[in-house]
Amino acid sequence: MKARCRQQVGQPAVINCLVNFDHLFISAVNSSSASCRELQAPRLPKAGETIHGHKFFTGFGGKGANQCIQAAKLGAKTAMVAKVGKDFFGDSYIQNFKDNGVHTECVFQASDAATGAASIIVNDAGENAIVIVAGANMLLGTAELKVALPALRRTEVLLCQLEISPECTLQALRMARQHHVKTIFNPAPAVPDLDPDFYTLSDVFCCNESEAELLTGSPVATVEDAHRSSQELLRRGCGTVILTMGARGCVVLEAQGAALCHVQAPAVKAVDTTVSESEGELSWWFR
């Protein structure tokens, strides 16, 4: 595994423990736990409309959790820093991490907030509409990051999104930079007034077309559009930009003036796009 990674992967320790890991992910357990409900229907309902679906199930999710477990399934040793509720769903979520080989010493439980939840509707084309309730995710903060600092200091790759409070995410990225840890940042859910420090603290900045459009103000409909948006993101201070484009694959731009790399995606029939984008960054490191 290490020989195939683009970067040599490091070894963080988790709180008061000398067990070594290849990655440390600081991320929210957003819209997740056993209360992540997915409903499948022929199409997405319109406002005020009730339609019949044909499948329903509950499961675990959240961008950070998906990425962390995917890395573990690829053979890396991973740890998660997150906050869930002190409830049935939170207990189930922690057990799911353990069942998938993810270290949970930095997964905290809040007694004053419920575990995050989501409701996802997926149509027959694989498109989705999602409503999330962040819950305990938004309570992850400075105190928890301080506890996780011994682990963070010993890792080489930190992966963050915006599914916890932006202030907490920014603090984690700053801590990573201070300790020479490589950072991968996924600006989702996207906000138009993103703090400029997010760009300069991102060694790898990974976003999709709609997020890039919201951040740069320019539509991304073609590979050429993606190139221009990536250049703009680099100008803001990102080290490398990965812009995912669904069925059209992704573009990678590593430095101003460098040639654009367009990674084409094989043609597939989309079944469910809910978690596909969460794994885009990982492929950059595990190739």
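Could you put His54, His180, His227 in order of accessible surface area, largest first, with the 1.4 Å probe and the full protein assembly present?
His180, His54, His227
In Å and from the alpha-carbon atoms only, list the Rg and Dmax of region 44-94.
Final numbers for Rg and Dmax: 16.0, 46 Å.
Looking only at region 103-212, where both bridge partners belong to it, what percent of the DSSP beta bridges are antiparallel (to the nearest 5)?
Given both bridge residues lie in region 103-212, the antiparallel proportion sits at roughly 50 percent.
Residue by residue through region 165-175, which ³J(HN,Hα) values in whole Hz follow from phi under the Karplus form 6.51 cos²θ - 1.76 cosθ + 1.60 (θ = phi - 60°), with glycine and proline marked x?
So the J values, rounded to whole Hz, are 5, x, 5, 5, 4, 5, 5, 4, 5, 5, 5.
Report, in cubic angstrom per residue, the convex hull volume of the C-alpha atoms of region 47-203.
That works out to 152 Å³ per residue.
Contour minus end-to-end for Glu254 and Val223, with contour as 0.36 nm per residue of separation and end-to-end as the Cα-Cα distance?
Difference between extended and current length: 9.6 nm.
Would you please name the GluC sites (Glu not before Pro) within region 27-125 that are DSSP coil residues with at most 15 other C-beta atoms within 10 Å of their C-beta?
Listed in order of number, the matching sites are Glu49.
For a quick check of understanding: with a 1.4 angstrom probe and all protein chains in place, what accessible area in square angstrom does Arg43 have, to the nearest ten?
Estimated to the nearest 10 Å², Arg43 gives 100 Å².
What spacing in nm lies between the two simple spin-label points modelled at Thr58 and Asp99, each 7 Å away from Cα in the Cβ direction?
According to this spin-label approximation, the distance is 1.3 nm.
Against the 2.2 N^0.38 Å scaling, with N counting residues, where does region 120-220 land? I'd like the Cα-based Rg ratio to two decimal places.
This ratio for region 120-220 stands at 1.20.
Within region 80-214, count lysine pairs with alpha carbon atoms under 20 angstrom apart where the residues are 8 or more positions apart or belong to different chains.
Lysine pairs meeting both conditions in region 80-214 amount to 4.
List the lysines whose Cα lies under 23 Å from the Cα of Lys46, skipping any in the same chain that are fewer than 8 positions away.
Lys55
Heavy atoms only, probe 1.4 angstrom, no DNA, RNA or ligands counted: give me Lys98, Lys83 ranked by accessible area, highest first.
Lys98, Lys83
Test of understanding: what is the full-extension gain from Ser165 to Asp195, defined as 0.36 nm times their sequence separation minus their Cα-Cα distance?
The span from Ser165 to Asp195 would gain 9.6 nm if fully extended.
His179: net charge of surrounding residues, Cβ under 14 Å, Lys/Arg +1, Asp/Glu -1, itself excluded?
+4
Round to the nearest 10 and report in Å² the accessible area of Phe56, as given by a 1.4 Å probe over the protein chains' heavy atoms.
For Phe56, solvent-accessible area is about 120 Å².
Ranked from the most accessible area to the least, with a 1.4 Å probe and all protein chains present, what is the order of Phe97, Phe108?
From most accessible down to least: Phe108, Phe97.
The values are calculated or read from the model by the stated rules, or taken from the named source; none is laboratory data. Just so we're clear, the structure is a prediction, and the values are computed from it rather than from any experiment. Heads up, the Cβs are rebuilt from the backbone with ideal geometry, glycines too, and the neighbour counts pull from every protein chain shown. Protein only, heavy atoms only, side chains kept; ligands, DNA and RNA dropped before computing areas. Shrake-Rupley method; radii C 1.70, N 1.55, O 1.52, S 1.80 Å.
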